[in-house]
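Peer 1: Have a look at this one before I ask anything.
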Amino acid sequence: MEEDNILKEPEILNRFKEIDNLDPNDKERIFFTLDALIHEINNKKRYANS
């Protein structure tokens, strides 16, 4: 399953480690932005398939 391999990718794992070491406010901003980007990408996919 792809989800099982996601944290085995060094680039992704390193980014999450860096984020984990940040100030809580910075983490919150990063995850807010990441959530918005993921939402936008999913919307684009949905509308492209309609």
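Peer 1: Per residue, how large is the accessible surface of the chain? Use a 1.4 angstrom probe and give square angstrom.
Peer 2: Details: 4870 Å² over 50 residues.
Accessible area per residue: 97 Å².
Peer 1: Another question, then. Compute the angle between helix 10-20 and the longest alpha-carbon principal axis of the chain, please, reported from 0 to 90 degrees and rounded to the nearest 10.
Peer 2: 60
Peer 1: Need the full-extension length gain, Asp26 to Leu13, defined as separation in residues times 0.36 nm minus the C-alpha distance. One decimal, nm. Write down the numbers at each step before the final one.
Peer 2: Working: separation 13, 0.36 × 13 = 4.68 nm, distance 1.79 nm.
Answer, rounded to one decimal: 2.9 nm.
Peer 1: Farthest toward the dipole's positive end in the chain, which of Tyr47, Thr33, Asn5, given Cβ charges of +1 (Lys, Arg) and -1 (Asp, Glu) about the Cα centre?
Peer 2: Tyr47
Peer 1: Describe numerically, in nm with one decimal, the distance between label points set 7 Å from Cα along Cα→Cβ at Thr33 and at Asn49.
Peer 2: Inter-label distance under the simple model: 2.8 nm.
Peer 1: Mind putting a number on the dipole of the chain about its Cα centre? Charges go on the C-beta only, +1 for Lys and Arg and -1 for Asp and Glu, and I need it in Debye to the nearest 20. Walk me through the numbers on the way to the answer.
Peer 2: Numbers: 8 positive and 12 negative charges, 58 e Å.
In total the dipole reaches around 280 debye.
Peer 1: Then there's this: Roll a 1.4 angstrom probe over the protein heavy atoms and tell me the percent of accessible area of the chain that is carbon or sulfur. Let's see the in-between values first.
Peer 2: Details: 2700 of 4870 Å².
Carbon plus sulfur share of accessible area: 55 percent.
Peer 1: If you fit an axis through the alpha-carbon atoms of helix 24-48 and take the longest principal axis of the Cα set of the chain, what angle between them do you get, 0 to 90°, nearest 10?
Peer 2: The helix 24-48 is inclined about 20 degrees to the chain.
The values are calculated or read from the model by the stated rules, or taken from the named source; none is laboratory data. The shown structure was predicted, so the numbers you read here are calculated from the model rather than taken from an experiment. Because the Cβ atoms are built from the backbone with ideal geometry, glycine has one as well, and the counts that use them run over all protein chains shown. The protein model used for the area step is the full one, side chains on, heavy atoms only, and it has no ligands, DNA or RNA in it. Shrake-Rupley method; radii C 1.70, N 1.55, O 1.52, S 1.80 Å.
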